[in-house]
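The values are calculated or read from the model by the stated rules, or taken from the named source; none is laboratory data. Keep in mind the model is a prediction, meaning the values are calculated, not measured. For neighbour counting, all protein chains shown are included, and Cβ atoms are generated from backbone atoms with ideal geometry for every residue, glycine included. For the accessible areas, the whole protein counts, side chains as well, though only heavy atoms, and no ligand, DNA or RNA atoms are used. Shrake-Rupley method; radii C 1.70, N 1.55, O 1.52, S 1.80 Å.
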Amino acid sequence: MPHFIIDCSQDILQQRTPDELMDAVYKAADGTGLFAPNDIKVRLQPYQYYKLGTGKKNFLHVFGYIMQGRNTEQKADLSKQICNQLSELLPDISFLSVNINDFEAATYSNKALINPENSDQDRHFGL
């Protein structure tokens, strides 16, 4: 936790490397102080086939999924920080957007939470 998934048009990878894009998102998320650096996960999925509006050539969208508990201002700042980092890398992009969604703690599970030795239900148990 958190997870940041970058969807983008394939041509974006001709402008910047996957590592540059993922590092920008990671750096922005880490810079907010909302997450432990070792918890941040970033993935990238380029698309070969897509349709955009007239005159638009490319896109990048970041889907952010974080554990509930942050307020609207914190989530808005996170979104803006990610957008700012990527905007610097891709000044001529047609569409650049970010949205942040909450995971519900009550419905979230991971390997640590199902460990029978984890009596305190610590999401980071054994990591």
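Of all the residues in the range 31-49, those that are open to solvent by 60 Å² or more (accessible area, probe 1.4 Å) and farther than 14 Å from residue 5 by Cα number 6.
Quick grid of which residues meet (1) in contact with a Ser or Thr (Cβ under 8 Å, 6 or more places away or on another chain); (2) surrounded by 11 or more Cβ atoms within 10 Å (Cβ to Cβ); (3) in a loop (DSSP other than H, G, I, E, B):
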position: 51; (1), (2), (3): no, no, yes
position: 56; (1), (2), (3): yes, yes, yes
position: 64; (1), (2), (3): yes, yes, no
position: 75; (1), (2), (3): no, yes, no
position: 79; (1), (2), (3): no, yes, no
position: 83; (1), (2), (3): yes, yes, no
position: 102; (1), (2), (3): no, yes, no
position: 111; (1), (2), (3): no, yes, yes
position: 116; (1), (2), (3): no, no, yes
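Within the range 85-100, being loosely packed, with under 14 Cβ neighbours inside 10 Å and either in contact with a Pro (Cβ under 6 Å, 6 or more places away or on another chain) or over 14 Å from residue 62 (Cα atoms) (or both) holds for 88, 91, 92. Of the set (1) out of contact with any strand residue (DSSP E or B) (no Cβ under 7 Å at 6 or more places or on another chain); (2) more than 27 Å from residue 17 (Cβ to Cβ), all apply to residue 67 but (1). Total residues in the range 15-30 satisfying the condition of being within 16 Å of residue 92 (Cβ to Cβ), in contact with a strand residue (DSSP E or B) (Cβ under 8 Å, 6 or more places away or on another chain) and either open to solvent by 30 Å² or more (accessible area, probe 1.4 Å) or part of a loop (DSSP other than H, G, I, E, B) (or both): the figure is 0. Restricting attention to the range 1-14, the residues that are farther than 20 Å from residue 71 by Cα, of a type outside the set (Val, Ile, Thr) and buried (at least 16 other Cβ atoms within 10 Å of the Cβ) total 3.
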